[in-house]
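The values are calculated or read from the model by the stated rules, or taken from the named source; none is laboratory data. Quick caveat: nothing in here was measured; it's all calculated off a predicted structure. Note that we place each Cβ from the backbone using ideal geometry, even for glycine, and neighbour counts take in every protein chain shown. Just so you know, the surface numbers come from the protein's heavy atoms only, side chains and all, with ligands and any DNA or RNA stripped out. Shrake-Rupley method; radii C 1.70, N 1.55, O 1.52, S 1.80 Å.
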Amino acid sequence: MLEKIKETADFIKNIIQETPDFAVVLGSGLGKLQNEVEPIHVLEYKDIPHFPQTTVAGHTGKLIYGLLEGKKVLMMSGRFHYYEGHSMETVTFPIRVFHLLGIQNLILSNACGGVNPAYSVADIVILKDHINMMPEHPLRGKNIDELGPRFVDMSEPYNKKMIATAEQAAADYQIKIHQGVYVALQGPTFETPAEYGMIKAIGGDMVGMSTVPEVIVARHMGMDVFCISVITDLGGPDVAFAVSHEEVLNAANKAMPNVIAVVKGLIKNYQ
């Protein structure tokens, strides 16, 4: 696995010839953010050695290197999920590659279901913490000491300085924003009303099927992490609305202008 990571990183490094300031991973329905990048190189996943392939609608499968707000960014349009049948090694493979490219700052995004009564569909939430309830752990197995320690400090999974910078950007644009705790489940089913109730009872504000494995692996390697979520549906014991992937994408699309403004503000102002 380490040799594959190095080969992939070397392939990308030989093309972009620079160290990006940020890596950005686009979640479900958030692909329009890629249109904000002034592209220098666009690589199809299928053309990158050892890179996995996406199978989910709303995940296009391109690695975009370019400029955003004057900063160098490497953007994944399309991510990989455990529920697709990928191993955790595969799900987190791009994050390992980003680290070997010398990238320190990681920005993640996702679409998720909300259980906090203060949330509405299309609201934006910045992750302040998470609860991992996935059935497999991305660091299980022999530790690769070259990448990080056996036991990883998770006292600050999401970088407080990045959060503060993003919140200031939201305030500048008068965008309503929340901070919340994200609960990661395997999927691919959306949650039942009782499961939504469980999420709330254990201290979660929202629930999704991605992000946490990538965060754990990034922190294993000492990267600074920020994540922005769009609330695409609401659930709970007394909330039994039907939800579909199409509705998730529609809600993400509605929130997209605000997501773009906050992420661009973060990238522009973060030092």
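Just to make sure I understand: if all protein chains stay in place, what is the order of Glu89, Glu214 by accessible area at 1.4 Å, largest first?
Ranked from most to least accessible, the order is Glu89, Glu214.
Would you work out which of Val115, Tyr82, Leu101 lies farthest towards the positive end of the dipole of segment 61-199? Charges go on Cβ: Lys and Arg +1, Asp and Glu -1.
After comparing all options, I get Leu101.
Quick one: angle between helix 245-269 and the longest Cα principal axis of the chain, in degrees between 0 and 90, rounded to 10, please.
On a 0 to 90 degree scale, this one is about 60.
At 0.36 nm per residue, and after removing the present C-alpha to C-alpha distance, how many nm does the segment from Ile40 to Gln271 gain when stretched out fully?
Working it through step by step, the gained length comes to 80.9 nm.
In straight Cα distance, which lysines are under 26 Å from Lys264, not counting same-chain residues fewer than 8 positions off?
Qualifying lysines at Cα under 26 Å: Lys13, Lys32, Lys62, Lys71, Lys72, Lys128, Lys160, Lys161, Lys176, Lys254.
What is the ratio of the Cα radius of gyration of segment 56-196 to 2.2 N^0.38 Å, where N is its residue count, to two decimals?
Against the empirical 2.2 N^0.38 Å value, I get 1.16 for segment 56-196.
Assuming a ≥ b ≥ c are the square roots of the Cα gyration tensor eigenvalues, decide whether segment 106-265 counts as rounded (a/c under 1.5), prolate (otherwise, with a/b larger than b/c) or oblate.
Verdict is oblate for segment 106-265.
Could you work out the per residue convex hull volume over the alpha carbons of the chain, in cubic angstrom?
Once divided by residue count, the hull of the chain is 115 Å³.
Expressed as a whole percent, how much of the Cα-Cα distance distribution for segment 86-161 exceeds 16 Å?
67 percent
Using only alpha carbon pairs under 8 Å that are at least six residues apart, calculate the relative contact order of segment 46-202 and give it in whole percent.
Relative contact order of segment 46-202: 22 percent.
Could you give the angle, 0 to 90 degrees to the nearest 10, between helix 160-172's Cα long axis and the longest principal axis of the Cα atoms of the chain?
Taking the Cα atoms of the chain, the angle to 160-172 is about 60 degrees.
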